[in-house]
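Written out below as structure tokens is the structure these notes cover.
Where a number appears in this text, it was derived from the coordinates with a stated rule and is not lab data. Since the model is a prediction, treat every value here as computed from it, not as a measurement. Don't worry about glycine lacking a Cβ; one is built from the backbone with ideal geometry, like all the others, and counts go over all protein chains shown.
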Amino acid sequence: MLIDGSAPRSSSCTIFETSRGRTGSHVISTSLIVAALFGFLLVVFLIIKSGATEVASAMLVLGWWLAPITLYHLVPLSFDALSWRQLLPASSRLGFLDALWIRWIRESINSLLPVAGVGGDIAAARLANKRGVAGAQAAASMVVDITVGVGTQLIFVLAGVTLLATRSNSDAATAVARVTLIGVAVFAAAIAAFVLVQHNSMFGLFVRLARRVAPQKWLSVFAGHASAIDGAVMDTYRRRFAFFCAAVLRLAGWVASAGETWLVMYFLSRPLSVTDAFILESLSSGVRAAAFMVPGALGVLEGGIVVFGALFGLPADMALAISLSKRVRELALGLPGLMAWQWVEGQNLLRRSKDEAGPASP
């Protein structure tokens, strides 16, 4: 994959790449591949156990209805893009279409590549920088946007748990609510720690820690920008109205995502109420967030939707149809997003190569 086309590849980069097997990065990559494999096997197991014929029939019923279901995802994606756009300074704020385009590529990378849900954020910051946003501001907006996204997702999950508790007092619903609340408490503590670190020169701290394990020449470029990024992060938090607008828009995006679940069940002629669709989407999004280290939450998402769907009397094949429709949407939108990203980075690489070559001699 083409990640960085902004600077020539130095010999130190080559040495680093050839020595990856002697670092922890190789171990992390192997772990992600193993997690993805087990997730895939879990999906296969769930389909077989639920009745492969029934699951296939449900997907065939959806058929071409998967097209409007997929296109509907542009609604929550637009809210997410508007939310991130608010975090950029007004002087360098991207237009809506540019923000939506970058958000699309960002989500495509995070959904389809084994990057633990953060590789797309790095690529998005780079793309924003290429469109005129200062590098420090682009990086800061990504950091704060991650905080806004996770924070509003917790509100979304809590709302779902609350609605579940008011809807049913069965033992299963109580158990699900209890486990979910424990997970929310853990994530809330993690967010609080993340925000605290951001307010105490997070990137400067990373540089100080990295100096203990990495050669100085590898850190020299980043170290020079760490304080600027930390300052931009604090400036973003100081723009409180913009931060509030970003949070409201992001929360609206989470709420709008429940429409995808509702549409799937509507086209399967097993319509859920808006409340039930909201609960199912909120709980499944919480499961996906908890499984961020598993590429695409493969297997985990499917299992979660089957378990939560049972609370509403959904057969396992119907619950799996919801999950598989999401997978279809991720591929239908994500693969073109990856290709667009590679095309842009390829163009940047070619442009850089021409600049390095200079004018041809007569």
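Brief remarks follow.
- Rg and Dmax of the range 74-126, based on Cα coordinates, read 11.0, 35 Å.
- Global form of the range 55-196, assessed from the alpha-carbon gyration tensor, a/c cut-off 1.5: oblate
- Peptides 260-270, 302-312 ranked from most to least packed by the mean count of surrounding Cβ atoms within 10 Å: 302-312, 260-270.
- Other residues with beta-carbon under 13 Å from the beta-carbon of A258 carry, at +1 per Lys or Arg and -1 per Asp or Glu, a net charge of -2.
- For the listed peptides 249-255, 318-324, 174-180, a ranking on the average number of other beta carbons within 10 Å per residue, highest first, reads 318-324, 249-255, 174-180.
- Sequence ranges 106-112, 166-172, 193-199, 129-135, ranked by mean other-Cβ count within 10 angstrom, highest first: 106-112, 129-135, 193-199, 166-172
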